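The values are calculated or read from the model by the stated rules, or taken from the named source; none is laboratory data. Predicted model, so just to flag it, every value in this text is computed and none were measured. Using ideal geometry, Cβ is built from the backbone for each residue, glycine included, and neighbour counts are taken over all protein chains shown. Just so you know, the surface numbers come from the protein's heavy atoms only, side chains and all, with ligands and any DNA or RNA stripped out. Shrake-Rupley method; radii C 1.70, N 1.55, O 1.52, S 1.80 Å.
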Amino acid sequence: MLSLAEIAQRTQGRVIGDELIYISGVGSLANARKGDLTYLSNQRYRSQLQNTRATAVLLSEQNVANCPIPAIVVGNPQLAFATIAREFDKREHVALGIDSTARIDSTARLGEDVRIGPNVIVGSHCEIGAHVELCANVSIGAHAKIGPNTSIRENVVVYHDVQIGSHCTIHANTSIGADGFGIAADDKGQLQEIPQVGRVRIGDDVLLGASVTIDRGTIDDTVVHDNVKIDDQVHIAHNCVVGAHSILCGRASLAGSVTLGEYCVLAGGVGIAGEGPVSIASGVEIGAMTFVSRDIAEPGRYSGATLHTDNRTWRRNVLRLNELDSMAKRLRHVENLLQNRERNDAGPSSAG
Amino acid sequence: MLSLAEIAQRTQGRVIGDELIYISGVGSLANARKGDLTYLSNQRYRSQLQNTRATAVLLSEQNVANCPIPAIVVGNPQLAFATIAREFDKREHVALGIDSTARIDSTARLGEDVRIGPNVIVGSHCEIGAHVELCANVSIGAHAKIGPNTSIRENVVVYHDVQIGSHCTIHANTSIGADGFGIAADDKGQLQEIPQVGRVRIGDDVLLGASVTIDRGTIDDTVVHDNVKIDDQVHIAHNCVVGAHSILCGRASLAGSVTLGEYCVLAGGVGIAGEGPVSIASGVEIGAMTFVSRDIAEPGRYSGATLHTDNRTWRRNVLRLNELDSMAKRLRHVENLLQNRERNDAGPSSAG
Amino acid sequence: MLSLAEIAQRTQGRVIGDELIYISGVGSLANARKGDLTYLSNQRYRSQLQNTRATAVLLSEQNVANCPIPAIVVGNPQLAFATIAREFDKREHVALGIDSTARIDSTARLGEDVRIGPNVIVGSHCEIGAHVELCANVSIGAHAKIGPNTSIRENVVVYHDVQIGSHCTIHANTSIGADGFGIAADDKGQLQEIPQVGRVRIGDDVLLGASVTIDRGTIDDTVVHDNVKIDDQVHIAHNCVVGAHSILCGRASLAGSVTLGEYCVLAGGVGIAGEGPVSIASGVEIGAMTFVSRDIAEPGRYSGATLHTDNRTWRRNVLRLNELDSMAKRLRHVENLLQNRERNDAGPSSAG
């Protein structure tokens, strides 16, 4: 339970209404219940404010007028809401200490107040920072380092030698440090795996979603810099470097040796894969399901995916793509023909 | 072992041949062995009937003529076969009861005849329905509810507060209820995670394949309605709603706040992601690898992916896409030029 | 520690310099440290040779001139390097024997010198070959067979009846043998799962990356032949057959009943999915993110993905795709008009 006064204090906001009203949960404008705090940050949802059952709302100055319920005026309602919602997050942390079924190698070093759950494996020479949470069935390979306050959720596999910074969250079933996909044919045409002896290094404040795969480097390391946020099912291949503060949405994928700058945003399903290394400048945003096959040197927004249409229209048009080059040439030919005619019509004198 | 008479009874079919022939397994037309039951449902495979080594076949009335082996005539051979094949499924269920290595919180409530395997974790206040099967290394978060007769396979992670209905099957390494991917930059440009305090609610008779990810809602719930069937590696982001009886094939992906109607079919690799919420009507079928960026209001079939061709043709044409708008304008210009000529050729009187 | 003489012997190379120099690790040209062996195989990196801090380099005859450090001349520097790098791989194997927390069914048969880690499950009637490594939390279903020298990493799930050959490596969180996605509507429109009673059979020398999913066949088996190399997050549906020596890069995906020939290469994100079975000839290479919807009968390189461009250019052109067929017809009309004019201009006699 938090009073509006307390909420205002934590969000540097100003209460409009009774400061002693208490909040017991959070909810959306449309579905909040009595006792909930809600928020309005997108004008798209302005009309829902009139009918919300929430007890109070976080909003910005411009939306104060005609607000039917007690409000807290803040600069950024979404961030303010995030701050308060965190207090009502009901996830139960792994119990303090080391579960009796966890298997911690005697050479591993653990910081204070770690939370290590059932069936967790911590390999030889690992360094686990203070306040780290390792949930059930997590496996940490030998010589790995996990920074303070990082939380690793159920069934995550961290391979040997991987380094993860502080204040990271890594969701279920993610794999960090599997071998990069380096394949070469030998003299007999048999495919051989190139050993991958590099590591994965992940910075501070990084988020990894569920079922993410980040492969170790072939010789040098695969690197994810500070404050990168990565959604579910993203794949990052060997030797990639992801710049700080970048966002990779669901199912985005980097092939081997892709370098992504800082403050990049890859929408869902983006794939970056070239013949050799590909380098993307800082500040690049790439639209959903776009295929990027070469460097992008300038910040800005880029896209490439085609759009859906009804099947009949699609079928009629999609096959014509294979005529496009020929169409372009024929169009040029028609233009030339017409231009020559104009010239001829103007009379032989002008051509002579 | 089942006799043809028994099979006919279970499939509401009619035996042609000896009712006391016994079947000991199932097989395809091409690869069935002696003792197997097979089926014919697609005319594509009609010719294989003549050479099958199967002992009997399920088929429809239209294919009875010239059938060289004993047959059972049914309305829908594929469904009839499914009914019988189920009897020959050799998967061993987890043993009845609770494995000694499972960790069940004392506040959890378990229905009768549950099957809880090795190393399973069941958190506080969970409700596990009757006849539920939790395979090895499954982790169920606090306050989660699993309906009767649901089977959750190895290494699945169910986060706290998730609700799953009855008669569901959830395959290995799937994660349900990881945090939705809500990211916002603070005043200093540092990316912050918006807490995700909604839940995931999954209806009855739902199938989830392996390595599926379904994220919890930001505030409201992510919802998968009854009888939805979801293939491997599908990703469903926060706040999505998937209507009843919809089918999502391998690697289909819904970005945040996508609403899918009932009886929809997303083929493999489809991605739905808009600037804001996207809504897809009931009865929509979307072709493989199509990108959908905006609402679809009418039922029907939609596609958008381009087709493969040999690399030389592809290279020649794909770059021309960037000239398409200019080509369209130039073509219009040529048409206008010709039309004006026609008019002029017709003489000044017609234009005057 | 290896001397250059020893390295030359193992790689069938020739030392240029002091044969008694010792190597203690491996590194890239750019980042190697003193004591490291490096290699040069791509002319792109030739210039880095002058400044490398490596102690010795593997290279081919053509690059010997002006090499500033001791060298070993070999036919294929990349493969030679792979051979030596393997010696410096620091991964610690699971301890020899069976971990006390592993659960091995009494009917399972284990070869000699197996390495079975914590919390591993081995079901009834399994056959685990000699020198097999099963890492923590691996689950092997009943009647599965794992060939000698195969290594299965943490949290992999192998379903019942699956067969895996010898010398395979299977990375974390991969699922083999989940039910194929066979769905049929019953008379009431309720979706039913078709039982999947086939198996998965995987050959020798196969690599599977992390979070791969390979589904069991409906009736016949899903088959991955010898020496296939599969990257992270690849999906192979029921009844697929993948020919020997094929390479499937990250996130490639095969829908049900796709047959891939030998020595095929699917780049990242490729999707193969047709209305019915699709068959791809041996020796086919498919470019990244290409959608293949029909058979490919001839070896060669194929592509289909569109390329990225800046958002403004993309927006202007992508919508025009829906006019492409109409543009083609209008262009033909314009050409015909002009051709008729030419004919008319040539005089009525020629047409008469």
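Can you bin every Cα-Cα distance in the stretch A:177-276 into 5 Å intervals starting at zero and give me the percent of pairs per bin, rounded to whole numbers?
4, 14, 22, 26, 17, 8, 4, 3, 2, 0
Can you give the relative contact order of the stretch C:108-210 as a percent, counting alpha carbon pairs under 8 Å and 6+ residues apart?
Working: 300 pairs, mean separation 20.6, N = 103.
Computed value for the stretch C:108-210: 20 percent relative contact order.
Other chains near B:269-275: what is the mean number of their Cβ atoms within 10 Å of each residue's Cβ?
On the way: counts 13, 4, 9, 3, 10, 1, 0.
The mean count of partner-chain Cβ atoms within 10 Å per residue comes to 6.
Enter the mean number of other protein chain beta carbons within 10 Å of the beta carbon of each residue in A:252-265, as an integer.
On the way: counts 1, 9, 2, 8, 4, 0, 0, 0, 0, 0, 1, 3, 0, 1.
For peptide A:252-265, the averaged partner shielding equals 2.
Output the relative contact order of chain B, whole-number percent, from Cα pairs under 8 angstrom with separation of 6+ residues.
Values: 952 pairs, mean separation 21.6, N = 352.
After rounding, I find 6 percent.
Compute the convex hull volume of the Cα atoms of the stretch C:72-178, divide it by the residue count, and report the result per residue in Å³ as a whole number. Intermediate results must be reported in sequence, preceding the final value.
Working: hull volume 11.4 nm³, N = 107.
Considering the Cα atoms of the stretch C:72-178, their hull volume per residue is 107 Å³.
Distance in nm between label sites at A:MET1 and A:ARG109, each 7 Å beyond Cα in the beta-carbon direction?
4.7 nm
Which one, B:SER166, B:SER151, B:SER60, has the greatest fluctuation when you compute a Gaussian network model over chain B with C-alpha springs under 10 angstrom?
Comparing B:SER166, B:SER151, B:SER60 in the GNM, the peak value goes to B:SER60.
Sequence gap at least 6, Cα distance under 8 Å: using those rules, report the relative contact order of the stretch A:6-91 to the nearest whole percent. Display every interim value, and only then the final one.
Working: 158 pairs, mean separation 26.2, N = 86.
Reported relative contact order: 30 percent.
Nearest 500 deg cm²/dmol is fine: what mean residue ellipticity at 222 nm does chain A get from its DSSP H runs of n ≥ 4 alone, each adding -39,500 (n - 2.57), divided by its residue count? Walk me through the numbers on the way to the answer.
Numbers: 5 runs with 53 residues, N = 352.
Value at 222 nm, helices only: -4500 deg cm²/dmol.
Between C:GLN190 and B:ALA297, with labels modelled 7 Å along Cα→Cβ, what's the label distance in nm to one decimal, could you check?
3.6 nm
Only Cα pairs within less than 10 Å get springs; with that Gaussian network setup on chain A, which residue of A:ARG33, A:ARG216, A:ARG109 has the largest fluctuation?
Highest fluctuation among the options: A:ARG33.
List the lysines whose Cα lies under 18 Å from the Cα of B:LYS90, skipping any in the same chain that are fewer than 8 positions away.
Output for B:LYS90: C:LYS145.
Can you list, shortest first in nanometers, how far A:ASN336 lies from the same residue in the other copies, with each label 7 Å from Cα toward Cβ?
Those separations, rounded to one decimal, come out as 2.4, 2.4 nm.
When Cβ neighbours within 10 Å are restricted to other protein chains, what is their mean count per residue of peptide A:240-246?
Mean number of neighbouring Cβ atoms from other chains: 1.
Which residues of the stretch C:143-169 show a drop of at least 10 Å² in accessible area when all protein chains are present, compared with their chain alone (probe radius 1.4 Å, heavy atoms only, ligands and nucleic acids excluded)?
C:HIS143, C:ARG153, C:GLU154, C:ASN155, C:VAL157, C:TYR159, C:HIS160, C:ASP161, C:THR169
Compute the distance in nm between two label points, each set 7 Å from the Cα along the Cα-to-Cβ direction, one at C:GLN48 and one at C:ARG86.
Here the modelled spin labels are 2.3 nm apart.
Can you tell me which lysines have their Cα less than 18 Å from the Cα of B:LYS229? Leave out same-chain residues fewer than eight positions away.
Within the straight-line cut-off, B:LYS229 pairs with C:LYS188.
What do you get for Rg/Rh over chain C if you use C-alpha atoms and the Kirkwood form of Rh? Intermediate values should be presented prior to the final figure.
Values: Rg = 28.1 Å, Rh = 24.5 Å.
Reported Rg/Rh (Cα atoms, Kirkwood Rh): 1.15.
Enter the mean projected area of the convex hull around the alpha-carbon atoms of the stretch B:5-91, in nm², rounded to one decimal.
Working: hull surface 20.3 nm².
Orientation-averaged projected area of the Cα hull: 5.1 nm².
Explain nothing, just the number: dipole magnitude of the stretch B:256-337 about its Cα centre with +1 on each Lys and Arg Cβ and -1 on each Asp and Glu Cβ, in debye rounded to the nearest 20.
Numbers: 9 positive and 9 negative charges, 115 e Å.
In total the dipole reaches around 560 debye.
I want to verify a result. In a Gaussian network model of chain B, Cα cutoff 10 Å, which of these has the top mean-square fluctuation: B:VAL73, B:VAL228, B:VAL120?
In the Gaussian network model the winner is B:VAL73.
Tell me, Kirkwood radius of the stretch A:45-122 from alpha-carbon pair distances, in Å? Walk me through the numbers on the way to the answer.
Values: mean 1/r = 0.0606 Å⁻¹.
Value: 16.5 Å, from the Cα pair sum.
Tell me, Kirkwood radius of the protein assembly as shown from alpha-carbon pair distances, in Å? Kindly include the intermediate steps, with their values, before the conclusion.
Values: mean 1/r = 0.0321 Å⁻¹.
Its Kirkwood hydrodynamic radius stands at 31.1 Å.
Putting +1 on Lys and Arg Cβ atoms and -1 on Asp and Glu Cβ atoms, find which of A:HIS167, A:ILE7, A:GLY123 reaches farthest to the positive end of the dipole of chain A.
Positive-end residue among those listed: A:ILE7.
Can you tell me the FRET efficiency between C:ALA65 and C:HIS93 if r is taken as the Cβ-Cβ distance and R0 is 56 Å, rounded to the nearest 0.05? Provide the component values of the computation, followed by the final result.
Working: r = 42 Å, r/R0 = 0.75.
Calculated transfer efficiency: 0.85.
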